[in-house]
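Data block below; observations after.
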Amino acid sequence: MGDGGQDNAVDSWWGQVKYYATLAMERVAHGVDAVKQFLSTLSSDERWGVMMAIDEAQPEMFEELTAKSPDWMAWMG
């Protein structure tokens, strides 16, 4: 009998990423550098997840953020 551990791990990871996305979105008001600094504390997978979560939750904010930082994909590394 499987315990669904993999699904739980994915749900847990996504929940954490959504929390990080909330923190990142709070920093948008302080400028792109504040967001970039926050993202630099996360793993690459978490950074991508945060950007996906922002795009899902606040597409206008995502567009604003990426427009102000055409090199945003370079931060993802």
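The values are calculated or read from the model by the stated rules, or taken from the named source; none is laboratory data. Just so it is clear, the model here is predicted, and its values are computed rather than measured. Note: ideal-geometry Cβ built from the backbone for every residue, glycine included; neighbour counts use all protein chains shown. Note: accessible area is taken over every heavy atom of the protein model, side chains too, but ligands, DNA and RNA are not part of it. Shrake-Rupley method; radii C 1.70, N 1.55, O 1.52, S 1.80 Å.
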Criterion violated by GLN37 - all others in (1) outside any helix (DSSP H, G or I); (2) open to solvent by 100 Å² or more (accessible area, probe 1.4 Å) satisfied: (1)
Criterion violated by VAL28 - all others in (1) open to solvent by 90 Å² or more (accessible area, probe 1.4 Å); (2) more than 25 Å from ASP11 (Cα to Cα) satisfied: (1)
Sole exception among (1) within 21 Å of SER12 (Cα to Cα); (2) in contact with a helix residue (DSSP H, G or I) (Cβ under 8 Å, 6 or more places away or on another chain); (3) among the β-branched types (Val, Ile, Thr) for VAL35, by number: (1)
In region 6-29, the residues that are aliphatic (A, V, I, L, M) and over 10 Å from the mean Cα position of the chain (by Cα): ALA9, VAL10, VAL28, ALA29
Search result, residues across region 44-77 that are loosely packed, with under 11 Cβ neighbours inside 10 Å and either of a type in the set (A, V, I, L, M) or at pLDDT 95 or above (or both): PRO59, GLU60, ALA67, ALA74
Count - residues of region 10-32 that are at pLDDT below 95 and of a type in the set (Asp, Glu): 1
Cβ pairs under 6 Å, 6+ apart, first in region 62-73 and touching a residue at least 40 places away in the same chain (Cβ under 8 Å) and more than 10 Å from LYS36 (Cβ to Cβ), second open to solvent by 80 Å² or more (accessible area, probe 1.4 Å) and in a loop (DSSP other than H, G, I, E, B): none
